[in-house]
1. Please work out which residue is modelled with the lowest pLDDT, limiting yourself to the range 98-118 and to residues that are of a type in the set (S, T, Y) and open to solvent by 30 Å² or more (accessible area, probe 1.4 Å).
2. Kindly evaluate R72 against the criterion of being closer than 30 Å to G154 by Cβ, charged (D, E, K, R) and touching a Gly at 6+ places or on another chain (Cβ under 6 Å).
3. Of everything in the range 16-66, what is of a type in the set (S, T, Y), closer than 30 Å to C146 by Cα and open to solvent by less than 80 Å² (accessible area, probe 1.4 Å)? Give them in sequence order.
4. Give the number of residues within the range 4-15 that are open to solvent by 70 Å² or more (accessible area, probe 1.4 Å) and either modelled with pLDDT of 95 or more or not in a helix (DSSP H, G or I) (or both).
5. Where residues in the range 119-128 are touching a residue at least 24 places away in the same chain (Cβ under 8 Å) and open to solvent by less than 100 Å² (accessible area, probe 1.4 Å), which of them is farthest from L168 (Cα to Cα)?
6. Is there any pair linking a residue in the range 30-50 that is closer than 15 Å to R165 by Cβ and assigned to a strand (DSSP E or B) to one that is among the β-branched types (V, I, T) and open to solvent by 60 Å² or more (accessible area, probe 1.4 Å), with Cβ under 9 Å and at least six apart or on different chains, and which?
7. If I go through the range 137-174 residue by residue, how many of them are within 30 Å of G117 (Cα to Cα), out of contact with any His (no Cβ under 9 Å at 6 or more places or on another chain) and either free of Cβ contacts under 8 Å to residues at least 12 places away in the same chain or open to solvent by 50 Å² or more (accessible area, probe 1.4 Å) (or both)?
8. From the list Y144, Y110, exactly one residue is out of contact with any Ser or Thr (no Cβ under 8 Å at 6 or more places or on another chain) and in a strand (DSSP E or B). Which is it?
Amino acid sequence: LSALFCATTLCVSAQSYSLRTNVIGLASTNINLEASMTLSTKWSLHLPVQYNPFKFADNKQFRNLYFAPGVRYWLLQSYIGGFVGLYGTAGTYSVGNLFGNKYRYEGDGYGLSVSVGRAYQLGKNWNLEWEVGAGAVWLDYEKYLCKRCGDLVGRKHGWAFLPTRAALNFVYLF
């Protein structure tokens, strides 16, 4: 009987889902979408995906493919109020010739990060939330000179503590 109660409770609490997009990501030409679901009244599971295939004039680029599966602990209840998050990061990138930088960096990154944020209810099915995060990331990349964007200057790898999330999300709850 207790097993049936536990299974029923988990199924009922997992009926809240959401889809969100990060407006800051969209502004930087990153196509992004995050799906999430509640695990209980205080925990939710998240899977954001970000993709940027674009190359711009003068060989400027911020191309990337990025995944960051994680969980959030909500201080009040799922999708309401403040939260603390823990997530993994995995991505590949080619970034260069931006903000006066004369190099292009191509490589991969993997890590573990923490975040904090808050959700604000806009309506029955809509939320607005902000989130910032940082963590330890293993970077393995090649550095190219952007003058012709082909001259290999060096290769590096190692750990770095970096900001890994800056989000202003529009959230649809269902």
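The values are calculated or read from the model by the stated rules, or taken from the named source; none is laboratory data. Just so it is clear, the model here is predicted, and its values are computed rather than measured. Positions of Cβ are generated from backbone atoms using ideal geometry, with glycine treated the same way; all protein chains shown enter the neighbour counts. The area values use the complete protein model at the heavy-atom level, side chains included, leaving out ligands, DNA and RNA. Shrake-Rupley method; radii C 1.70, N 1.55, O 1.52, S 1.80 Å.
1. Per the stated criteria, the residue is Y103.
2. In short, no.
3. If the condition is that a residue be of a type in the set (S, T, Y), closer than 30 Å to C146 by Cα and open to solvent by less than 80 Å² (accessible area, probe 1.4 Å), then S28, T29, Y66 are the ones that fit.
4. 1
5. N125
6. Correct list of pairs: V49/I31; Q50/I31.
7. 9
8. Y144
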